[in-house]
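Down below is the structure, laid out as structure tokens.
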Amino acid sequence: MKIYQISEILKKLDNCIINNLPFSHIRFGDGGIKFIHAVLFNDVEQLKIITKKEGIPYSKIDEIFEMWGYVSRRADFIDCPEVYFDGQFWPRMKGESKYMNQKTSDKMVMWKTLYRSAEFDNENYCNPESNYLMLLRDVFKKNLFDIMKNRKLCIITARPEVKEVLIEKGYDVDVIKIVGHYQDQYTNSFGEVIIKIYEMAKNYDLFMISAGELGRIYSGYIKEHGGRCVDIGFVTEFFLGEELHPRLKMFMKRSEDNPLELELTEKGKLFQKFI
């Protein structure tokens, strides 16, 4: 199996923008793995935790699960956790000397079985940390910010204040605001966002999605309606000045030249050729 490098993903994204072709980049991460596992193994307690946080009605679980499969099969890239286990990327940690929860690790190890059962019939795999890796400076010919320059952008996020941060840096950005965690996103935002995507997908060069588990569906529908998107996840919080997750701090740090970008630490540089 091949896990595409960040430079390959960014090159295809840039080409799709230039040629007005649809594109989607979808990341499930460990949260997605937990959701898939909980659905397939009827883990009611885990499903209650996830649906409450993500604002998914319990009655809509099967529908969301089916939609995940649909958008994944059509995505240009979907992530997989294999990078954490093949020795070619830094390990998935909770922090320095703090390893991943064993239950989570066990679920991630069986990702191929879970993806197959969920009908994620797509082998264009990328790194689960690709949202952060795209921000690295001096690793690729172009990073995400180079691609964003002089393009019309839209972010789907519960943190609309990120617009001002990016405008200050000279980017042309609009925001589609959603509610945050524990605020019933499906009921209060989902339908409205889907309508806006239908109406506006082709109005922007690039969408950036920061919308949790329902965000995977937004990404799929953007591509379906002719647009392009990357799943940036908690990168929005990073743009707003919040610290990197402890699992990343050993390997990446905020750039001194541009606080919105990242650079590799000495430990991170050991894995540079695999990124």
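Observations, loosely collected:
- The residues in segment 100-126 that are in contact (Cβ under 8 Å) with a residue 40 or more places away in the chain and part of a helix (DSSP H, G or I) can be counted, and the count is 7.
- Residue within segment 19-40 that is over 30 Å from residue 202 (Cα atoms), among the acidic types (Asp, Glu) and without any contact (Cβ under 8 Å) to a residue 24 or more places away in the chain present: no
- Residue 228 meets each of the listed conditions (1) under 15 Å from residue 137 (Cβ atoms); (2) in contact with a Ser or Thr (Cβ under 8 Å, 6 or more places away or on another chain); (3) of a type in the set (Lys, Arg) apart from (1).
- Just so you know, in segment 25-64 the residues that are among the acidic types (Asp, Glu), assigned to a helix (DSSP H, G or I) and at pLDDT 95 or above include one that is surrounded by the most Cβ atoms within 10 Å (Cβ to Cβ), and it is 54.
- Number of the exception - residue 269 against (1) buried (at least 19 other Cβ atoms within 10 Å of the Cβ); (2) more than 17 Å from the chain's Cα centre (by Cα); (3) among the charged types (D, E, K, R): (1)
- Taking every residue in segment 129-156 that is farther than 23 Å from residue 249 by Cα and pairing it with any residue that is of a type in the set (Ser, Thr, Tyr) and buried (at least 21 other Cβ atoms within 10 Å of the Cβ), at least 6 positions away or on another chain, the pairs with Cβ-Cβ distances below 6 Å are 152/204; 154/204; 156/218.
- Residue match in segment 150-172 (condition: outside any strand (DSSP E or B), hydroxyl-bearing (Ser, Thr, Tyr) and closer than 23 Å to residue 16 by Cβ): yes
- Failed item, numbered, when residue 242 is tested on (1) surrounded by 15 or more Cβ atoms within 10 Å (Cβ to Cβ); (2) closer than 19 Å to residue 155 by Cα; (3) not hydroxyl-bearing (Ser, Thr, Tyr): (1)
This table checks each residue for (1) within 18 Å of the chain's Cα centre (by Cα); (2) farther than 28 Å from residue 246 by Cβ.
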| site | (1), (2) |
| --- | --- |
| 11 | yes, yes |
| 41 | no, yes |
| 65 | yes, yes |
| 71 | yes, yes |
| 74 | yes, yes |
| 84 | yes, no |
| 88 | no, no |
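- Scanning segment 85-99 for residues that are within 26 Å of residue 46 (Cα to Cα) and either free of Cβ contacts under 8 Å to residues at least 40 places away in the same chain or assigned by TED's automatic domain parsing to the domain that holds residue 246 (or both) yields 85, 91, 99.
- Test: residue in segment 65-80 that is touching a Pro at 6+ places or on another chain (Cβ under 9 Å) and farther than 25 Å from residue 191 by Cα: yes
- Lone unmet requirement of (1) closer than 24 Å to residue 115 by Cα; (2) modelled with pLDDT of 95 or more; (3) part of a helix (DSSP H, G or I) for residue 15: (1)
The values are calculated or read from the model by the stated rules, or taken from the named source; none is laboratory data. Because the structure is a prediction, the values reported are computed rather than measured. Glycine also receives a Cβ, built like all others from the backbone with ideal geometry; neighbour counts cover every protein chain displayed.
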